[in-house]
Amino acid sequence: MVEPSSKGGYNLRKRKKKDVADDMVDRISGLPDEILVSILSLLPLKEAQATSILSRRWQYVWAYCTTLNFDAEKNLIRLHELDREALELEMCRYVIWVDSVLKQHRALNIDRFRVSFNLGPRNCIDEWIQFAMRKGVQMLELDFSAYFRYLLIGKYRFSNKLLGISETSGLKSLCSEYIGFKCLKVFDLKSVDVDQEVLEYFISNCPVLERLAVYGSSSLVNLRVVGHSIALKYLVIRGCENIKTIQICDANLVSFCYDGYVRNLVLSNLPLLVEVSIVGWLPHDFLEITFFHLSCCLSQLEILNLNYMKACCERDPVIPSLPNLKRLELAIDDTENFALLHLASFIKKAPYMHTLVLRLNRISLSLITKGPFPNKKAAKCSHYNLKVVEIIRFAGTKRQIELVKYVMKTAIKLEKIVFNSVRHGLTGVTIQELTD
């Protein structure tokens with residue numbers, strides 16, 4: 001309310017000063033600690049740390065954040081060109097940063113702990129993981145995949161001490177002081193050297209572990225995921241070049257992603273498996289072998305991602321029925337004469353498919369000059385449930401246009417088609433060309 005002055009007017013200047021003073025009040029600092037911690041948890045860790053200089057009220061608020069993401073991705077491009085001495089200095093700085101945060105951290109628990117810097121086999125990594133274990137970490141991510149041109153370092157391996165075992169005992173013999181991973185739900189390993197024994201140890205000894213991803217482990221040769229008592233639901237194995245066999249039986253797996261030799265798979269009795277992604281490099285019989293190994297779950301699959309770009313399938317494909325498939329992702333080689341037939345067969349065998357994603361070849365001179373598909377035409381059919389189509393690496397070549405035309409004519413109720421195009425000096429494709 002505006003107060004009248006002694007002269008019968010109104011003191012607007014006094015009112016304005018009061019409004020400004022009200023606007024200057026620090027209302028955020030008055031919020032409960034829980035809300036402030038939630039706000040800071042949304043910031044990058046270094047920015048959250050920087051709030052400690054604002055006032056005494058803010059000095060240790062960041063130290064209660066339950067997400068510790070030591071992300072160095074912004075520096076990795078710059079570090080790629082540094083010499084050995086400069087790289088080692090950056091590594092030391094990263095280690096000092098992580099150590100300082102852990103010393104100041106005050107929260108009782110941690111939801112997520114992520115390290116993203118290639119440090120090699122350092123003892124400090126064991127100490128960091130033990131810290132996360134004591135805090136009941138739920139998501140543990142170790143990303144040591146960064147490559148440095150002028151510094152070749154070995155890969156990190158889990159020590160026996162970290163796993164709670166003595167040097168002479170087996171993995172099943174745990175030390176009495178072992179902390180364990182009782183709360184671990186997500187375990188993501190990139191360029192960590194783990195073998196079968198260690199992975200199966202984690203799968204068996206982490207009672208709530210639901211997601212496991214392993215990228216680039218040369219020591220992983222065999223893997224068994226067997227038994228309904230195992231909590232694991234999502235499994236990713238990629239870039240493990242020495243894999244010989246993967247056996248998954250009688251498990252509760254929902255999603256499985258695998259990059260490797262498809263003959264190595266043994267899958268059986270997986271009633272909950274609805275999502276599969278396979279990247280394989282077998283010539284000629286990739287599809288036949290893949291569907292043989294997936295026979296236990298083909299009727300229940302809802303998401304299927306197949307990448308057989310290098311397969312030379314110069315024959316009619318035999319695609320099994322996929323009655324529950326909702327989303328199909330195919331990386332196909334449209335330089336092959338039977339690519340259109342493969343696409344047509346998949347569309348016909350998945351009558352309830354809603355979304356189709358096609359990853360086409362990277363553009364090359366041979367692809368640009370390639371003529372239309374041979375005269376043998378794909379079987380005509382009408383698909384009434386396909387509504388969304390995405391074409392990745394579309395360059396407007398004759399064969400790619402032919403593939404798109406076939407999809408548009410087949411999908412009777414198509415609602416959206418998305419082109420993720422590439423630019424290589426090719427003439428642009430008009431809507432008229434696709435609809436003619």
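The values are calculated or read from the model by the stated rules, or taken from the named source; none is laboratory data. Here the structure is a predicted model, which means the values were calculated and not measured. Quick reminder, even Gly has a Cβ in these numbers, built from the backbone with ideal geometry, and neighbours come from all protein chains shown. Note: areas computed on protein heavy atoms with side chains; ligands, DNA, RNA excluded. Shrake-Rupley method; radii C 1.70, N 1.55, O 1.52, S 1.80 Å.
Using R₀ = 22 Å, calculate the FRET efficiency as 1/(1 + (r/R₀)^6) where r is the Cβ-Cβ separation of Phe292 and Asp250; round to 0.05.
Rounded to the nearest 0.05, the efficiency is 0.70.
At 7 Å along the Cα-to-beta-carbon direction for both Asp285 and Ser321, put a label point, then send me their distance in nm to one decimal.
2.6 nm
For the pair Lys398 and Arg57, how long in nm is the line joining their label points, each one 7 Å along Cα→Cβ?
7.2 nm
Quick one: accessible surface of Asp259, probe radius 1.4 Å, all protein chains present, in square angstrom to the nearest 10.
Estimated to the nearest 10 Å², Asp259 gives 50 Å².
Note the full-extension length gain between Arg106 and Ala50 as 0.36 nm times their separation in residues minus their Cα-Cα distance, in nm to one decimal.
Stretched out fully, the Arg106 to Ala50 stretch lengthens by 18.5 nm.
In whole percent, what relative contact order does segment 30-129 give with Cα contacts below 8 Å and a gap of six or more residues?
31 percent
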